[in-house]
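Some notes on the structure that comes next.
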Amino acid sequence: MAVQSIIEYPDPRLREVSSTVVDFDETIAALAVDLIDTLHASSAIGLCAAQIDRPLKMLVMDHSADRSAPEIFINPEILAKDRYGFVEERCLSVPGISVNVFRPTRIQVRYRDLNGDSVERLLEGMPAVCLQHERDHFDGKLLVDRLNWFRRRRFRASIAKAARTGSSPADDLSGLSA
Ligand code: ZN
């Protein structure tokens, strides 16, 4: 029960496909606490278990202004979607870039809560976008995959340079947003 370190691109563990949660036991409850603690230690609104090296279909979101309302979604499925639009996304595992992603901004979801009970809800706006972003992680799909070839090349070059020099990859990417 603590803040965990977040795996960053290009770590190959981010490409693993996450497994469905089957047992809703103490291990899952403890993982939920780690996810919430780690999310709250960051500036992000969403985090999934794969990002802290636990490849399970589980994520946390907190959209509240005072960071007091974290919600856990387990094995989320999208039942319906509409209202497509571009939304700027960032990712704790791919620091330094933002990408405009075209997605549905309203979705009907079904997921399990920490007791294993099935819940259905309509999500709109950022919560809808966030849930889809985290679901991409379940498939090993990252924001960097959505860059055009030119930006991807620049991003990879900046990562390589950062690895050589110990600087932050974000340093090279100012002006590259969206
Ligand atoms: Zn992400």
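The table that follows gives values for the structure above.
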item: First in the range 19-39 and within 16 Å of Val60 (Cα to Cα) and crowded, with 19+ Cβ neighbours inside 10 Å, second anywhere and small (Gly, Ala, Ser) and modelled with pLDDT of 95 or more, Cβ under 7 Å, 6 or more apart; result: Leu31/Ala49; Leu35/Ala49
item: In the range 1-18, the residues that are open to solvent by less than 60 Å² (accessible area, probe 1.4 Å) and within 16 Å of the chain's Cα centre (by Cα); result: Ile6, Ile7, Tyr9, Asp11, Leu14, Ser18
item: Counted residues, the range 83-101 - those being under 16 Å from the mean Cα position of the chain (by Cα) and open to solvent by 30 Å² or more (accessible area, probe 1.4 Å); result: 6
item: Residue match in the range 83-103 (condition: more than 25 Å from Ser43 (Cα to Cα), in contact with a strand residue (DSSP E or B) (Cβ under 9 Å, 6 or more places away or on another chain), modelled with pLDDT of 95 or more and not polar (S, T, N, Q)); result: yes
item: Residue within the range 88-102 that is away from the ligand (no atom under 16 Å from the Cβ) and either free of Cβ contacts under 8 Å to residues at least 40 places away in the same chain or in the same structural domain as Glu124 (by TED's automatic domain parsing) (or both) present; result: yes
item: Among residues of the range 127-178, those that are modelled with pLDDT of 95 or more, open to solvent by 20 Å² or more (accessible area, probe 1.4 Å) and among the aliphatic types (A, V, I, L, M), counted; result: 0
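The values are calculated or read from the model by the stated rules, or taken from the named source; none is laboratory data. Here the structure is a predicted model, which means the values were calculated and not measured. Counting neighbours? That spans all protein chains shown, and the Cβs are built from the backbone with ideal geometry, glycine included. When the accessible area is computed, the model is the full protein with side chains, heavy atoms only, and any ligands, DNA or RNA have been set aside. Shrake-Rupley method; radii C 1.70, N 1.55, O 1.52, S 1.80 Å.
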